[in-house]
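Trainee: To start, I am sharing the structure in question, which I have written as structure tokens.
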Amino acid sequence: MRRWLGVLGIALLGAAPASAGTQESFLLRTGADLVELCEVSQDDPLEVEAIHMCHGFGVGTYQTIVAVGASDKVDDFFCPPNPPLTRNEAFAQFLVWAKLPQNASYLSESPAALVGRYLITTYPCPKPATTGAAQ
């Protein structure tokens, strides 16, 4: 998967006009790269490609975490909101969370780790109630 993303990033680098810093972000080396792609301005020449990469990577990571959590051997990692958010709402909330000062250190993690951390901390599953008194 990482190799495929690298190939895609290199292809986009060679085919796209210059853009301040955005082209390097397609390599998705850190969570900061993902945030940069997700918040690209509408006047950026790579805006369409950046948003597609942001949404594709984010949704793919989300679906992977959901699939792993669906196993009988693993507890759910997070519990999505009900009713579900639209894709644009979800990404807007992700960007707000990623820019909070207390989350700045996480931007150096991998993009998948950043998305996972966001989901786990923003949408924790309720803890099951304990039965019986402690002895």
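Trainee: Of the numbered conditions (1) more than 14 Å from E36 (Cα to Cα); (2) at pLDDT 95 or above, A92 fails exactly one; give the number of that condition.
Mentor: (1)
Trainee: Got a sec? Which of A112, A104 is assigned to a helix (DSSP H, G or I), among the hydrophobic types (A, V, I, L, M, F, W, C), modelled with pLDDT of 95 or more and over 13 Å from the mean Cα position of the chain (by Cα)?
Mentor: Unique residue meeting the criteria: A104.
Trainee: Need the failing condition index for G14 against (1) closer than 20 Å to S110 by Cβ; (2) loosely packed, with under 15 Cβ neighbours inside 10 Å; (3) modelled with pLDDT under 90, just the number.
Mentor: (1)
Trainee: For a quick check of your reading of the model, give me the residue pairs whose first member lies in the stretch 54-78 and is without any contact (Cβ under 8 Å) to a residue 12 or more places away in the chain, whose second is surrounded by fewer than 13 Cβ atoms within 10 Å (Cβ to Cβ) and assigned to a loop (DSSP other than H, G, I, E, B), with beta-carbon atoms closer than 9 Å and at least 6 apart or on different chains.
Mentor: Within 9 Å, the pairs are G60/M1; V68/V74; G69/D75.
Trainee: Got a number for residues in the stretch 40-78 being within 17 Å of the chain's Cα centre (by Cα) and surrounded by fewer than 16 Cβ atoms within 10 Å (Cβ to Cβ)?
Mentor: 11
The values are calculated or read from the model by the stated rules, or taken from the named source; none is laboratory data. Keep in mind it's a predicted model, so treat the numbers as computed, not measured. Neighbour counts run over all protein chains shown; Cβ positions are idealised from the backbone, glycine included.
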